[in-house]
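Peer 1: Have a look at this one.
What follows draws every value from the coordinates through simple rules; no lab data is involved. Small disclaimer: the values here were computed from a predicted structure and weren't measured. All Cβ positions, even for glycine, are placed from backbone atoms using ideal geometry, and neighbour counts span all protein chains on display.
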């Protein structure tokens with residue numbers, strides 16, 4: 001008899017749709033089919049590169065043998081540069097700043113320091129699956145709130161109000177949003193601030209895409225709207241500066257110190273216990289935040305063309321509709337279908353080699369079906385992929401008429 005090692009129960013519901021779909025894609029790729037990957041938000045896989053001064057600063061730090069442990073909260077020059085960035089964003093009443101192994105680690109640490117078993121955090125739906133994965137690990141109760149597709153994917157304030165209970169500790173905002181590309185308005189953000197103050201909630205403001213904005217749009221940091229609201233603003237080098245593999249992110253804690261002091265100490269206990277984030281890469285933070293941003297001008301020029309192509313071609317497919325993204329490099333098109341979107345996505349990958357991610361992996365309003373595309377690839381790849389999706393959807397309707405809305 002074999003006595004299997006039993007894994008922890010907390011891992012049972014951990015999923016990550018963006019990479020889980022790669023398992024199927026790899027199986028299809030082995031058959032020799034040409035693959036078109038629209039699933040991973042990694043700009044370095046395409047024609048995007050980081051600013052040279054960021055790379056040079058990191059390289060020089062390595063040559064100086066700054067390769068040992070860093071201070072737990074980050075090197076001094078990086079923390080000061082992030083503080084100056086917070087000031088530029090209008091964030092005041094800052095009490096702590098810490099550098100982490102990507103914004104993901106900052107989020108994980110802060111949720112771990114805040115939420116007990118049986119408590120909950122309001123998470124956006126659709127939203128980045130990291131949050132639900134951490135929630136499963138921490139055995140938090142699920143408490144999703146919905147974004148309103150008919151209102152440009154803005155948070156549904158009335159839905160948020162209805163979800164707050166005596167076990168709710170925080171509310172997560174992803175702005176610009178992954179997977180929808182939506183950018184939140186000042187009015188919408190102010191309503192969330194008011195709710196957070198009323199119910200003594202911590203706001204987790206994920207602003208990792210705050211410089212990737214279309215059409216001259218301006219980003220508003222929610223922490224800038226009220227100096228008293230308890231807020232952790234998450235940022236990093238990954239997306240804005242095109243170095244996701246550096247794994248450098250940070251958190252900025254702002255609000256009333258008398259309210260936050262115990263929580264801040266809990267965060268720092270975890271920071272000290274895990275030693276430090278990558279050391280030499282931290283020397284890229286100051287030149288990135290304070291240096292030349294020409295790479296963003298070039299990046300947004302490319303992304304605007306690809307965003308426009310994405311919206312135009314997907315909206316031209318009968319049975320598919322797509323809200324125009326205002327930030328980041330994602331779109332979240334809607335499928336007029338009766339059955340789960342995972343069925344459509346799986347069949348699409350097998351038939352065409354076009355790799356997208358089912359909307360169910362990000363959460364969605366019950367009864368609706370979507371998929372996420374990453375429009376980082378060049379126009380030739382995107383056009384080929386969207387054409388394949390359109391042609392496949394016609395065949396799909398013929399093959400599975402009972403799965404498609406009439």
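Peer 1: What number, rounded to the nearest 500 deg cm²/dmol, is the helix-based mean residue ellipticity at 222 nm of the chain, given -39500 (n - 2.57) per DSSP H run of at least four residues and division by all its residues?
Peer 2: Estimated from H runs of four or more residues: -12500 deg cm²/dmol.
Peer 1: I would also like to ask the following. Helix 294-315 sits at what angle to the longest principal axis of the chain, using alpha carbons and giving 0 to 90 degrees rounded to 10?
Peer 2: Between the helix axis and the principal axis of the chain, the angle is about 30 degrees.
Peer 1: Return 298, 258, 85 ranked ascending by Cβ neighbour count within 10 Å, so the fewest neighbours appear first.
Peer 2: 258, 298, 85
Peer 1: Once both axes come from the Cα atoms, what is the angle between helix 52-63 and the longest principal axis of the chain, in degrees from 0 to 90, rounded to 10?
Peer 2: It works out to around 60 degrees.
Peer 1: Within the stretch 74-195, what percent of beta bridges assigned by DSSP are antiparallel, to the nearest 5?
Peer 2: Just about 20 percent of them are antiparallel.
Peer 1: Specify which labelled value, from (1) 46, 38, 17; (2) 34, 25, 22; (3) 38, 26, 18, agrees with semi-axes √(5λ) of the Cα gyration tensor in Å derived from the coordinates of the model shown.
Peer 2: (2)
Peer 1: On C-alpha positions alone, give me the angle between the axis of helix 379-399 and the longest principal axis of the chain, in degrees, nearest 10.
Peer 2: Once rounded, one gets 50 degrees.
Peer 1: List the relative contact order of the chain as a percent without decimals, with contacts defined as Cα pairs under 8 Å and 6+ residues apart. Present the calculation step by step, with values, prior to reporting the outcome.
Peer 2: Numbers: 800 pairs, mean separation 99.7, N = 406.
The normalised contact order for the chain reaches 25 percent.
Peer 1: Just want the ordering: 301, 334, from fewest to most Cβ atoms lying within 10 Å of their own Cβ.
Peer 2: Numbers: 301 10, 334 19.
Listing 301, 334 from fewest to most nearby Cβ atoms yields 301, 334.
Peer 1: In units of 2.2 N^0.38 Å, what is the alpha-carbon radius of gyration of the stretch 153-233?
Peer 2: Here the Cα radius of gyration is 1.06 times the empirical estimate.
Peer 1: If you average the C-alpha positions of the stretch 143-211 and of the stretch 229-264 separately, how far apart do those two centres end up, in angstrom?
Peer 2: Going from one Cα centre to the other spans 17 Å.
Peer 1: How many angstrom separate the Cα center of the stretch 311-368 from the Cα center of the stretch 75-108?
Peer 2: 35
Peer 1: Please order 313, 62, 1, 337 by the number of other Cβ within 10 Å, starting at the fewest.
Peer 2: 1, 62, 313, 337
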